[in-house]
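Here is the structure we will look at.
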Amino acid sequence: MHALSNAFLFAGLAVAGTASAQSAPATDPYAWLEDVSGETSLDWVRARNAKAEAEIAGTPAFRQLEADIRAILDSDAKIPGVEKIGGYYYNFWKDKQHERGVWRRTTLAEYRKPEPKWETVLDLDALNKAENAKWVWHGADCLRPAYTRCLIALSPGGSDADVTREFDLTTKQFVQDGFFRPEAKGGLAWIDENTVYVFTDFGPGTLTSSGYPNIVKEWKRGTPLSAAKTVYEGKPGDMYIAAMRDVTFDHGRPVYQRDFVSRTLAFYNDELYLRSADGSLAKVDAPNSAQKGVHKEWLLLELREPYAVGGKTYAPGSLIATNFNDFMAGKRDFTALFEPTDHAALAGYAWTKDHLVLNVMEDVKNRLSVLTPGKGDWAKADFVGAPTIGTLGIGAVDAEDSNAVWLTATDFLSPTTLSIAEIGKQPEVLKSNPVFFDGGNDVIEQHFATSKDGTQVPYFLVRPKDLAFDGKAPTLLYGYGGFEISMTPAYSGSIGKAWLEKGGVYALANIRGGGEYGPRWHQAALKANRHKAYEDFAAIADDLVARKITSPQRLGTMGGSNGGLLMGNMLTQYPEKFGAIVVQVPLLDMQRYSHLLAGASWMAEYGDPDTADWSFIQTFSPYHLFDAAKTYPATLFTTSTKDDRVHPGHARKMMAKMEAAGKDVRYYENIEGGHGGAANNAQAAHMNALAYTFLWNQLSK
C-alpha cells in the first residue's frame, strides 16, 4: 500500500465534491450563471458556443486539425498500459470503435507481441446502449487473491460523482443483487468477499463541507446500505473520510493484513488510524503533513515539514522508513532513504517484492536508484539500464510476487516507450507510441528565468533548430503551479501536430506551487504567497521575449483548473505580456470558490475567503481584478457543464463580465464531460482543436 491518506483524492484539483453552493452575493450581476443546468444558463451557454464555433471551427484548417487530433487519440498503435490483476494483464482502451472504452485483458506472453490478442471483459459502449446510459469509466478494484470479483466505478457523463457496481470476472457480468453504491462522491473498498467499506453520501449531514464522504461504514453482503455499521465519523471541517484493507499475500496466504481509516483534513494534512479486529482505532502518530505509506513490515513517511524524531531532525522532502509494528509500539528508529538538496527532490517511489525503486528529480530531470531493505542503512544501487534523458515513470508489475517494474520514458519529441525491467537487469522495451508528428526539425532546451524575488525558475523550451531569434515565433507557454504537481516533459501528439509541426515554439513552466523541487517549491506559493507563482510565470514570459524567441503579441498561454486560475491572473495582472490566452476549466471568483462544489477542499492552498484571508485572496481573484478600462489580450474560456470539481460558473461569469465590457473574448462549454472537459475522444479532439486554432490564429497574424 502506498500513501493511503491520499489514495482516494489526488492531483491538485483532481478531487471532486457536491458541496452546497451558498447564495452568491446580491451585488454580483452574473450570479444567475451559477445555476449549472438551468435552462436560462444553458441557453446563454449555447449562444456563446455557437459564436465560438462560428469564429474558430468553420475553416477547413480547423476540421483537418480536429481530425488529426481525433486520429491521434483514437490510434490503435498507442501503448496499451496494463495492470496485472491475477494472472492477466488488464487495459482500458478507447478508440474510434470504442468511444467510451472497453476493459480488456491478455497474458504477458501475448502482451509482448506487436499485436496482442485481447479478451473483452466489459464493453462500455455496449453497456451504454443496453442501459441507455452515458457511463464513463472510473476504474476497478478487484478482490485478492482470487480476483474473481471487482468493484467497478462508473460515472454518468464524466462527472466525479459515480456509482459502484460489483462485477464477476469469471462470467464477465455484473453481479445480480451484488454490492451497489448509488451515485455520489465516495467509493467502496473490499474487506473480504462478503464485506466492504463504504464511504459515500448517506443522507443529510453525512458529507463534508467540500462535498466528500464524512462517514465510513462497514457493509455486509445481503443487507441494505442503511444497515451498514459506522466505522468512523469525521468532524466538522474535515475534507474526506475513507477506509481500506491492506493485505500482502504469499502463495495465497495473507502474511500482513491491516485495516486503515483515513481522515483527511485538507490537502497534505491527514490522520491515519490502524483499525483492530474489535473496531478500535489506534492513530499512526506521524505528522499530519507527511504522506504515509505502509508496505509489508515497513512504514514510509514522505515529509513536508521538518520532523524531529529519535534525536534527529529530518528535512521537508525527505523519505524515511521504520518498522511499522515497532513504530506503533512507540519506537522511533528511522532510516533516511532520501534527503533533498537544492536541486533534487523525490518524484516518487515503487515497491517490488524485495526492493524499493526511488525516482528522483534533479532540476526536473529524472534519476532512478534501487534500495534494498536491511537493518540500519538500506543497500543502494543504480537502476540498471535506466534512460538518462527524458521523463521517467516507474510502477511495480506485482509488488508481492515480482521484482519487475514497468518503466516509461518520454520527452517532447520522443514517443513514449514502455519497458519491463527486472531489477538488476537491462530493461526490455515492450511497446512504443507511434510518431504522431515530425519533430526532426526541433530541439529541446532547458532555461532558467529570474523571478521578481531573485529565484531561479526553470522552464523547458521546444523550438525549431533554425529559429530566427527575431521575436516573431508564435509561442505557447503552458503552466500549472499548484498542489505540488510537477510539470515534466512528455510526448503529446496533439501539441506536436497542432503547434510544433507548424513551426511554433512550446514552453513548459516549472513555477513555484508545483512539486518540481519538492514541498519547499509548493509551499513557497501558498496562500498569501500565491503571487510568487504568478511572478515566476511572468518572468518566464519576459525571458522568452528577452531571448528574442517571441514578442508579447506572439506569445500565447494556456492552463487549466488551478492553471486556469494562473491564466486568469496572467489575463488581469499581466495582460501586456500576452497576445492570446486560453483559460480552461478555471477558478476565477476566489470570493465564492469555497462555496462552489469541491472548493472548500482547496482552502489549504488558497486560504479561506470568509475570513481575514480575503485581504490577500482578493489580490489573485481574477473576477475581482478585472478592470473594464483596461486592454486585454484575445481570450478563450473553455469549461464543462458536467464538471463537478471546478464550478463552470467561474468561467461563465468571467466571460459575461468581459463580454459586457466589450473585450475580445469567446467561450465554449462542453455540455458533457467532467473536469477533464471531455467524455470521449471526439469531444477531446474538438476542444483541443478549438484551443490550438484560436491561439494559432491570434499569434500568427
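Could you order peptides 457-464, 440-447 by the average number of other Cβ atoms within 10 Å of their residues, highest first? If you can, show how the numbers build up before the last one.
Details: 457-464: 21.8, 440-447: 14.6.
Most protected by this proxy first, the peptides run 457-464, 440-447.
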* Taking H placed 1.01 Å from N in the peptide plane, check which residues at least 5 places from Ser318 or on another chain put their amide H under 5 Å from its amide H. => Leu303
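In terms of the Cα gyration tensor, with a ≥ b ≥ c the square roots of its eigenvalues, is segment 115-199 rounded because a/c is under 1.5, prolate because a/b exceeds b/c, or oblate? Show your work: numbers first, answer last.
Numbers: a/c = 1.74, a/b = 1.05, b/c = 1.65.
Oblate, since a/c reaches 1.5 and b/c is not below a/b.
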* Where the accessible area of segment 406-493 is counted over protein heavy atoms with a 1.4 Å probe, how much of it, in %, is carbon and sulfur? -> 51
* Structure fact -> Rounded to two decimals, the Rg over Rh value of segment 190-241 from Cα coordinates and the Kirkwood Rh reads 1.00
* To do: In whole Hz, with x marking every Gly and Pro, tabulate ³J(HN,Hα) for segment 29-42 from phi via Karplus 6.51 cos²θ - 1.76 cosθ + 1.60, θ = phi - 60°.
  => x, 10, 4, 4, 6, 6, 6, 4, 10, x, 4, 4, 4, 5
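Rank these residues by their accessible area, most exposed first, probe 1.4 Å: Ser700, Ser451.
On the way: Ser700 50, Ser451 5 Å².
Ranked from most to least accessible, the order is Ser700, Ser451.
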* Residues of the chain: accessible area per residue at 1.4 Å, in Å²? -> 38
* Which semi-axes, in whole Å and largest first, does the equivalent ellipsoid of segment 204-358 have when worked out from the alpha carbon gyration tensor as the square roots of 5 times its eigenvalues? -> 30, 21, 14
* Asked: Taking the alpha-carbon centroid of each part, what is the distance from segment 76-112 to segment 514-542 in angstrom?
  -> 38
* Karplus 3J(HN,Hα) series, Hz, for segment 569-581 with 6.51 cos²θ - 1.76 cosθ + 1.60 (x for Gly, Pro) -> 7, 5, 4, 8, 9, 10, x, 6, 8, 9, x, 6, 9
* Asked: Lys/Arg Cβ at +1, Asp/Glu Cβ at -1, dipole of segment 88-192 taken about the Cα centre: which of Trp103, Leu127, Ser155 is farthest positive-ward?
  -> Trp103
* For the chain, rounded, prolate or oblate, judged on the Cα gyration tensor with a ≥ b ≥ c (square roots of eigenvalues), a/c < 1.5 rounded, else prolate if a/b > b/c? -> rounded
* Structure fact -> Whole-Hz Karplus couplings 3J(HN,Hα) for segment 347-364, θ = phi - 60° and coefficients 6.51, -1.76, 1.60, Gly and Pro as x, run 8, x, 8, 9, 7, 10, 4, 10, 9, 10, 9, 9, 10, 10, 9, 10, 6, 6
* Asked: Using a simple charge model, +1 on the beta-carbon of Lys and Arg, -1 on the beta-carbon of Asp and Glu, nothing else, what dipole does the chain show about its Cα centre, in debye to the nearest 20?
  -> 380
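Roughly speaking, to the nearest percent, how much of segment 239-334's 1.4 Å accessible area is carbon and sulfur?
Values: 1730 of 3740 Å².
Solvent-exposed carbon and sulfur of segment 239-334 make up 46 percent of the total.
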* To do: Would you mind telling me the share, in percent, of accessible area of segment 530-655 contributed by carbon and sulfur at probe 1.4 angstrom?
  => 50
* To do: List the lysines whose Cα lies under 27 Å from the Cα of Lys465, skipping any in the same chain that are fewer than 8 positions away.
  => Lys365, Lys497, Lys502, Lys548, Lys577, Lys701
* **the chain: relative contact order as a whole-number percent, Cα under 8 Å and 6+ apart** => 13
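Keeping every protein chain in place, order Tyr30, Tyr349 by accessible area at 1.4 Å, biggest value first, i.e. largest first.
Tyr30, Tyr349
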* By a straight-distance test (C-alpha under 20 Å), which aspartates and glutamates pair with Lys331 as possible cross-link partners, with residues fewer than eight away in the same chain excluded? -> Glu271, Asp285, Glu297, Glu302, Asp377
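Using a 1.4 angstrom probe on the protein heavy atoms only, could you order Glu576, Glu669 from most to least accessible area?
Values: Glu576 115, Glu669 0 Å².
Result, largest first: Glu576, Glu669.
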* Residues with amide H under 5 Å from that of Leu169, placed H, sequence gap 5 or more -> Arg149, Cys150
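List the pairs from Lys380/Lys527; Lys217/Lys283; Lys129/Lys220; Lys84/Lys292; Lys96/Lys663 whose alpha-carbon separation is above 27 Å, in the order I gave them.
Values: Lys380/Lys527 38 Å; Lys217/Lys283 18 Å; Lys129/Lys220 32 Å; Lys84/Lys292 24 Å; Lys96/Lys663 39 Å.
Where the Cα-Cα span goes over 27 Å, the pairs concerned are Lys380/Lys527; Lys129/Lys220; Lys96/Lys663.
Order 266-276, 645-655 from most to least packed using the mean count of other Cβ atoms within 10 Å. Intermediate values should be presented prior to the final figure.
Numbers: 266-276: 19.5, 645-655: 26.9.
Descending mean neighbour count gives 645-655, 266-276.
The values are calculated or read from the model by the stated rules, or taken from the named source; none is laboratory data. Because the structure is predicted, anything quoted here is derived from the model rather than measured. Here Cβ is always computed from backbone atoms with ideal geometry, including for glycine, and neighbour counts include all displayed protein chains. Heavy atoms of the whole protein, side chains included, go into the accessibility calculation; ligands, DNA and RNA do not. Shrake-Rupley method; radii C 1.70, N 1.55, O 1.52, S 1.80 Å.
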